[in-house]
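What follows is a short report on a single structure.
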Amino acid sequence: MASSQIRFYLASSPQGTANRVLMSSQQILLGRAGTGVYLPPTGTLSASFSYATVQASAQTVLAAAAAACVPQSVYIQVEADFGLPWGDDTLIGTTKLPDFYFTAGTLTPATITPGGTVSFTADLYTACTAPSASTLGVFLTDANYNVLSYIGGIPVSAGAGTFSVAPTAITFSTAIAPGTYYLVLVADVDGDVAETNESNNQGAFTLTVVASQPLTVQDSASALDSDLPGPVREHLDQYTPTIGYVDGFASMSR
């Protein structure tokens, strides 16, 4: 009995061999005619694949296609005994919505006296394109994330990638009581953009207000924490319909 080695590849064209990756390789048995010629099996043979069973290099290609924001056109080639390959295209993946989340940010200083001024920066990221502009809301909350004030909004343009908030100053009221507060940032605070995950849009800086006295920590900084407890979103959502108010805790300038 004779056999033929059948190889399946993922490729960027029907017959091109550059940059293709091996997906699977298997043998088929050949029949033999009386003249000594070997013949392929009769009928139609089929092969099936899953992510778990293909080669590691093919898994990398499939994972990238699955993670892409839009379906990717990939050719599945078949080749017998290093002969001429033939391929047919297929779409892999789905069209995905944007997903805003914070990747970095700083608040300086992290400790002030009443009437003090801080400056914050933040990096907001979405891999898939946001089709319209949105607003990044800035809130002041108490130590339990109860909203005390909506300080203001920062416009975020449509598109994908990282949106970097330039250093933005916030001056607090001289009447603010000493204690621990959070400066909370909420991406797409008005809900203008549909996202794959609406629960990861928040980030928070810790801010400490101390009684008026000489400070020794003016150069300290607070890092943006995106791992906030579950109720935070619910606390903030109830304030978004009246987002126009500012009640005297602080004012924001850029």
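Restricting to segment 1-19, name every residue that is in contact with a Leu (Cβ under 8 Å, 6 or more places away or on another chain) and closer than 9 Å to GLN77 by Cα. Spell out how you get there, then give the answer.
First pass over segment 1-19, keeping only residues in contact with a Leu (Cβ under 8 Å, 6 or more places away or on another chain): 1-4, 7-10, 15.
Across segment 1-19, the qualifying residues are ARG7, PHE8, TYR9, LEU10, GLN15.
Of the residues TYR145, TYR150, which single one is assigned to a loop (DSSP other than H, G, I, E, B), over 24 Å from CYS128 (Cβ atoms), of a type in the set (Phe, Trp, Tyr) and modelled with pLDDT under 95?
Values: TYR150 fails: assigned to a loop (DSSP other than H, G, I, E, B).
Testing whether each residue is assigned to a loop (DSSP other than H, G, I, E, B), over 24 Å from CYS128 (Cβ atoms), of a type in the set (Phe, Trp, Tyr) and modelled with pLDDT under 95 leaves just TYR145.
Are any residues in segment 3-44 hydrophobic (A, V, I, L, M, F, W, C) and surrounded by 10 or more Cβ atoms within 10 Å (Cβ to Cβ), and if so, which ones?
Within segment 3-44, the first condition is being hydrophobic (A, V, I, L, M, F, W, C), and the residues that meet it are 6, 8, 10-11, 18, 21-23, 28-30, 33, 37, 39.
If the condition is that a residue be hydrophobic (A, V, I, L, M, F, W, C) and surrounded by 10 or more Cβ atoms within 10 Å (Cβ to Cβ), then ILE6, PHE8, LEU10, ALA11, VAL21, LEU22, MET23, ILE28, LEU29, LEU30, LEU39 are the ones that fit.
Consider segment 130-177. How many of its residues are under 19 Å from the mean Cα position of the chain (by Cα) and hydrophobic (A, V, I, L, M, F, W, C)?
8
When you scan segment 33-41, do you find a residue that is among the hydroxyl-bearing types (Ser, Thr, Tyr), more than 30 Å from THR196 (Cβ to Cβ) and modelled with pLDDT under 85, even just one? Explain how you work it out, then say what you get.
Restricting attention to segment 33-41, the residues satisfying the condition of being among the hydroxyl-bearing types (Ser, Thr, Tyr) are 35, 38.
Add one more test, that the residue is more than 30 Å from THR196 (Cβ to Cβ), and what stays is 35, 38.
Checking which are modelled with pLDDT under 85 leaves us with 35, 38.
The answer is yes; a qualifying residue exists.
Filter segment 113-139 for residues that are surrounded by fewer than 21 Cβ atoms within 10 Å (Cβ to Cβ) and aliphatic (A, V, I, L, M); which is nearest to LEU228 (Cα to Cα)?
ALA127
State whether one or more residues within segment 53-64 are within 30 Å of THR129 (Cα to Cα), in contact (Cβ under 8 Å) with a residue 12 or more places away in the chain and part of a strand (DSSP E or B).
For segment 53-64, residues within 30 Å of THR129 (Cα to Cα), in contact (Cβ under 8 Å) with a residue 12 or more places away in the chain and part of a strand (DSSP E or B): absent.
Would you be able to tell me the number of residues in segment 183-193 that are of a type in the set (A, V, I, L, M, F, W, C) and either in contact with a Pro (Cβ under 7 Å, 6 or more places away or on another chain) or open to solvent by 60 Å² or more (accessible area, probe 1.4 Å) (or both)?
Let us first name the residues in segment 183-193 that are of a type in the set (A, V, I, L, M, F, W, C), namely 183-187, 189, 193.
Those left that are additionally either in contact with a Pro (Cβ under 7 Å, 6 or more places away or on another chain) or open to solvent by 60 Å² or more (accessible area, probe 1.4 Å) (or both): 193.
Within segment 183-193, residues that are of a type in the set (A, V, I, L, M, F, W, C) and either in contact with a Pro (Cβ under 7 Å, 6 or more places away or on another chain) or open to solvent by 60 Å² or more (accessible area, probe 1.4 Å) (or both) number 1.
Among the candidates THR180, THR196, THR208, single out the residue that is over 24 Å from the mean Cα position of the chain (by Cα), more than 19 Å from ALA104 (Cα to Cα) and open to solvent by 50 Å² or more (accessible area, probe 1.4 Å). So that I can check it myself, show each step before the final result.
Details: THR196 fails: over 24 Å from the mean Cα position of the chain (by Cα); THR208 fails: open to solvent by 50 Å² or more (accessible area, probe 1.4 Å).
From the options THR180, THR196, THR208, the qualifying one is THR180.
State whether the residues of segment 117-124 include one that is without any contact (Cβ under 8 Å) to a residue 60 or more places away in the chain, assigned to a strand (DSSP E or B) and either closer than 30 Å to ALA64 by Cβ or of a type in the set (Asp, Glu) (or both). Before you say what the answer is, go through the steps one by one.
At the first step, the residues of segment 117-124 found to be without any contact (Cβ under 8 Å) to a residue 60 or more places away in the chain are 117, 119, 121, 123.
Those still in the list that are assigned to a strand (DSSP E or B) too: 117, 119, 121, 123.
Add one more test, that the residue is either closer than 30 Å to ALA64 by Cβ or of a type in the set (Asp, Glu) (or both), and what stays is 123.
Within segment 117-124 (the criterion being without any contact (Cβ under 8 Å) to a residue 60 or more places away in the chain, assigned to a strand (DSSP E or B) and either closer than 30 Å to ALA64 by Cβ or of a type in the set (Asp, Glu) (or both)), the answer is yes, since at least one residue qualifies.
The values are calculated or read from the model by the stated rules, or taken from the named source; none is laboratory data. Everything quoted here is computed from the prediction, not taken from an experiment. A quick note on method: Cβ atoms are made from the backbone with ideal geometry, for glycine too, and the neighbour counts reach across all protein chains shown. Please note that ligands, DNA and RNA were not included when accessible areas were found on the heavy atoms of the full protein model with its side chains. Shrake-Rupley method; radii C 1.70, N 1.55, O 1.52, S 1.80 Å.
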